[in-house]
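Asker: For reference, the structure I am asking about is given below.
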Amino acid sequence: MAIASEMRVDGGLAAIRSEDEVANVATGTAAGRRGAEQSTVPTGLDTTGGPGDHSNMRANERTSASQSRAPADGTCCIPCFKQELVSRLRAAMPGDEAIEGARAVFAALADRARLKILHALSVSEELCVCDVAHVLGMSVSAASHHLCKLRDLRIVKYRNHGKMAYYSLRDRVAAQLALQALHHTSA
């Protein structure tokens, strides 16, 4: 028999679930999903437990980490959070511009040709576009395109010497990251 009642918790409203409803949420049955959709999240929960304690957002109950059993898919049966930890992590989160910059670097490093270019430039001090094209087995214009992408992200730099363009690493950290990923997957 499922009991659905409400109680006041520190000025907020919390819905209490029966053990059957919690089990239904964990298994994904319709009764559990309906209960999850209708639940009200309390506003002022006590979430100051120790490292193994979590506050149940729905019923303000303490559950020891050793007592709870997570489903095989890696999700939590009981929605909870550590307010102090979450607040600290949110405050330390980089801004959207920094996240976008990092995403752009990883997107550039996700290309096979650019990984090869970074590997070649880490072994050699600098290479002209023609050398890069021959090392990678592609046209000069394709190599130039990839080098331009890396230059726009300030991973490589170039210098002109007459009619020749020479490229070298500008950001050794990005190159080291790419090399570590290559060594990690080949080991």
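Asker: Might you let me know whether the stretch 168-176 holds any residue that is polar (S, T, N, Q), modelled with pLDDT under 90 and part of a helix (DSSP H, G or I)? Steps first, please.
Answerer: Taking the stretch 168-176 as the starting set, the residues that turn out to be polar (S, T, N, Q) are 168, 176.
Those left that are additionally modelled with pLDDT under 90: 176.
Applying the additional criterion that residues be part of a helix (DSSP H, G or I) yields 176.
Taking every residue of the stretch 168-176 in turn, at least one turns out to be polar (S, T, N, Q), modelled with pLDDT under 90 and part of a helix (DSSP H, G or I).
Asker: I would also like to ask the following. Can you name the residue in the stretch 101-129 that is free of Cβ contacts under 8 Å to residues at least 12 places away in the same chain and not small (G, A, S) and, of all such residues, is farthest from H184 (Cα to Cα)? Lay out the reasoning, then the answer.
Answerer: Let us first name the residues in the stretch 101-129 that are free of Cβ contacts under 8 Å to residues at least 12 places away in the same chain, namely 101-103, 106-107, 110, 112, 123-124.
Okay, now just the ones that are also not small (G, A, S), so 103, 106, 112, 123.
Numbers: R103: 21, F106: 16, R112: 16, V123: 18 Å.
Selected residue: R103.
Asker: Is one or more of the residues making up the stretch 154-173 under 14 Å from R114 (Cα atoms), assigned by TED's automatic domain parsing to the domain that holds S122, out of contact with any Pro (no Cβ under 8 Å at 6 or more places or on another chain) and in contact (Cβ under 8 Å) with a residue 60 or more places away in the chain?
Answerer: no
The values are calculated or read from the model by the stated rules, or taken from the named source; none is laboratory data. As the structure is a computational prediction, the values presented were derived from the model and not from experiment. Note that each Cβ is placed from the backbone with ideal geometry, even for glycine, and that neighbours are counted across all protein chains shown.
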